[in-house]
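Read the structure below first, then the notes.
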Amino acid sequence: MDGQPHSDIIDQIRDIPIYRASVEQGYFPILEKPEIGRGFPDNWMTPRLSRALEAGEAEFVLSTGTNHARMQIIRPPYFLLKSYYRLWSEHPDISETWHQGCRRVSLTTVLATEHVARVNARKRGTEPAAAPGIEDRRLDERTVYLNLRLDPALWDRADVERMIGEIRAERDSHPLGRYHLDCSGYHLAQLVRKALDWGLWDDFPRPASVITAYEYTPAGVREYLERRLGCPVVDLFGSTELGYLYYSDRDGRYHPYLDRMSLELVPVAPGSQIHSLIVTSVRNPHMPLIRYRSGDCVRTLDGSTNPAKVVRFCGREKELLPTPNGLVSQGDLDGAVTAASSHVLLCQLRAQEQGNLRLLYTTFDGRPLAPSESAAAAKLVGELTGLPCAVEHREHIPVGASGKHTWLVTERTES
């Protein structure tokens, strides 16, 4: 039966309580996130896992919670980091920067920086500093985190000068003067544009390679980074509980990276060509996930359910917008906006109760789009959704509490 685990997988998970009924019935339903937490951790506990926890070979961690409710999971220490490092070391376009020993500079949400600072403070038996120094922000000998502010649009000149100085120090520590930049695409685009605006671009060390790996990277942002930085910009797709599942090449084509994994694509609604990602993975030996709904959506080259034909990651299933033309994803909106203009840095669609849409946007240069581009955006979003859309320039669209941006907001009418 499609999607059902093979006998060798069943042999590895038959003693895990959450799967016992499925093993007995010979059928594994799709595993939803709430089921993972129901009765946790007893629903996962086996003698083998208990021994691993006692020996420090397994640990409890929380998922980031930036796109869904935070979920407690069990995994080997540094599970996601090791998955990242392995993929970086094997990637056909950027593996040389791994093997050259390039340091990794990470520019993403302040929550990630604060997590590293807390872990390091705990190791020392102290409390994390309010503004942790660079040594407090080192994940290991290879990786350091930069960001100390929630909203990158609000970085001031001192923030940018500090981060550029820290990047230069990491680059200068390498015998070839090279470094690897790991980022949220939006955070890096903000750093680049502020360095350009404030006359600091000549001081900005160009990376040898770039990976975007934390949130959806709009096509216009990717193109902007490639043009300004002049190096491969590779996208990784994965999650805290799964590790990495896909990587893009330097031309933007996605390739599966399914070490001890298999995938199914299931339409999010009958007839839809947006597919939900269903993952079977024993990569994490302490918490194997069988037919797990990750909550992520994809589109394929031909609309089929073939995981090898994935061409776009669309965002989260919970954030799909119902419209007269069917469900619309973050990736669909990005396609429409990018077709209208290459100048959009960030956009947010606001759905009003009466059925109208407002598209708010910021630009790389801070100026409104040309009237023809604004009209094209309104037309293309209208054709995508079947709803009238007004387009409005903003100097700033604030980030959410997670440090990531919300692409879709439902506006409630005051009663």
Exercise. Mind checking which residues of segment 273-293 are in contact (Cβ under 8 Å) with a residue 40 or more places away in the chain, closer than 13 Å to Leu263 by Cβ and not basic (Lys, Arg)?
Worked result: Ser276, Ile278, Thr280, Leu289, Ile290, Tyr292
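Could you list, in sequence order, all residues of segment 252-281 that are of a type outside the set (A, V, I, L, M) and over 18 Å from the mean Cα position of the chain (by Cα)? If you could, list the steps in order and put the result at the bottom.
Going through segment 252-281, the residues of a type outside the set (A, V, I, L, M) turn out to be 252-257, 259-260, 262, 264, 267, 270-273, 275-276, 280-281.
Result: Asp259, Arg260, Ser262, Glu264, Pro267, Pro270, Gly271, Ser272, Gln273, Thr280, Ser281.
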For this session: Select from segment 242-296 the residues that are more than 21 Å from Gly331 (Cβ to Cβ) and in contact with a Gly (Cβ under 7 Å, 6 or more places away or on another chain) and write down the one among them that is surrounded by the fewest Cβ atoms within 10 Å (Cβ to Cβ).
Result: Arg291
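Could you say which residue among Tyr224, Tyr247, Tyr214 is modelled with pLDDT under 95 and not aliphatic (A, V, I, L, M)? Explain how you work it out, then say what you get.
Working: Tyr224 fails: modelled with pLDDT under 95; Tyr247 fails: modelled with pLDDT under 95.
Just a single option satisfies the conditions, and that option is Tyr214.
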Problem set entry | Test: Arg299 is basic (Lys, Arg) and farther than 17 Å from Leu384 by Cα | no
Exercise. If we scan segment 202-212, do we find a residue that is in the same structural domain as Thr108 (by TED's automatic domain parsing), among the basic types (Lys, Arg) and more than 18 Å from the chain's Cα centre (by Cα)?
Worked result: yes
Problem set entry | In segment 61-101, residue farthest from Asp42 (Cα to Cα) [restricted to those that are at pLDDT 90 or above and touching a Leu at 6+ places or on another chain (Cβ under 8 Å)] | Gln100
For this session: Inspect all residues belonging to segment 214-223 and state whether any of them is within 13 Å of the chain's Cα centre (by Cα), aliphatic (A, V, I, L, M) and outside the structural domain of Asp332 (by TED's automatic domain parsing).
Result: no
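So that you can scan it fast, the table gives a plain yes or no per residue for (1) within 27 Å of Arg227 (Cα to Cα); (2) outside the structural domain of Val110 (by TED's automatic domain parsing); (3) assigned to a helix (DSSP H, G or I):
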{"site": "Arg358", "(1), (2), (3)": "no, yes, no"}
{"site": "Pro368", "(1), (2), (3)": "yes, yes, no"}
{"site": "Leu380", "(1), (2), (3)": "yes, yes, yes"}
{"site": "His405", "(1), (2), (3)": "yes, yes, no"}
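The values are calculated or read from the model by the stated rules, or taken from the named source; none is laboratory data. Worth saying up front: this structure is predicted, and the values here are computed from it rather than measured. Reconstructed Cβ throughout: ideal geometry from the backbone, glycine too, with neighbour counts over all protein chains shown.
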